[in-house]
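Comments concern the structure below.
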Amino acid sequence: MPTFPRSETEIIALAQMVTDGLTKMAEDFPNPPVSVADLQGLVTQYNTVLSDVIQADMSSQKHHAAKDHVIAELVESLTTNLRYAEITARKEPKKLAGLGWGERRAKNPLQAPGEVRNIAIGNQGDSWLMLGWKPPVEGGLTAAYQIQRKQGAAGAWEDAGTSAATEKIMSNQPRGLELSYRVIAVNKAGQGQPSGVVTAVL
């Protein structure tokens, strides 16, 4: 089965392909559970709240929450329509390519993710900071990211949070201490190699 995308950019691209495909292939897929207009409305709504997020101060989580809500609704709508399309085109699965989807394929054994790349500290305040990174380019698909922290050069690494996205606001962090952070990609097959290390003093 085709793999549903994980990044927001890829989800929006798939949504546009599904919307365009359903419009052009209305005779093949006449009754999608979520209408083309509703899908397009969710894409437009996402772009609006994404603009709010970009313009907002990174310390504010309100806009991020609004964006996450819209993308979750869009994912649910897309998967509903894609399941409908798979059933409708079960005798002619090649038609799914017109929606940016594809035929079912044999499953490959899941591999652990590779190493998280380019970890960096963005904005920071008195007791918080924003961590950002890029996903691994090797290994299996990442299910989540484990953020680890240690105090000082001799401290032991401890789990400090998780994220499904490639960024995380670390709030309520100790002040006046040298704090190091790293990120590990994980999935059902295991953990990848830890990322590089970034250090901050709040």
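The numbers here are math on the coordinates, done by the rules we state, and not lab data. Note that the structure is a prediction, hence the values are computed from the model and not measured. Every residue, glycine among them, receives a Cβ derived from its backbone with ideal geometry; neighbour counts consider all protein chains shown.
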Could you compute the FRET efficiency for Ala156 and Arg117, with r as their C-beta to C-beta distance and R0 at 22 Å, rounded to 0.05?
-> 0.35
Degrees, to the nearest 10: 62-88 long Cα axis against longest axis of the chain = 30 degrees
Could you pull out the pairs from Lys95/Lys134; Lys24/Lys94; Lys24/Lys91 whose alpha carbons sit more than 26 Å apart here?
-> Lys95/Lys134
Simple spin-label estimate for Arg175 and Arg90 in nanometres, 7 Å along Cα-Cβ = 6.2 nm
Roughly how tilted is helix 8-24, in degrees to the nearest 10 and between 0 and 90, from the longest Cα axis of the chain?
-> 10 degrees
Given (1) 30, 23, 12; (2) 39, 21, 10; (3) 38, 21, 15, which label gives semi-axes √(5λ) of the Cα gyration tensor in Å as computed from the coordinates?
-> (2)
To the nearest 10 degrees, the tilt of helix 36-55 (Cα long axis) against the first principal axis of the alpha carbons of the chain is 20 degrees
Assuming R0 = 25 Å, can you tell me the calculated FRET efficiency for the pair Thr79 and Val137, based on Cβ-Cβ distance, to the nearest 0.05?
-> 0.45
Can you figure out the FRET efficiency of Leu202 with Asp68, using R₀ = 35 Å and their beta-carbon distance, to the nearest 0.05?
-> 0.85
Considering only Ala154, Ala164, Ala85, give the residue with the highest GNM mean-square fluctuation for the chain, with springs between Cα atoms whenever their separation is below 10 Å.
-> Ala154
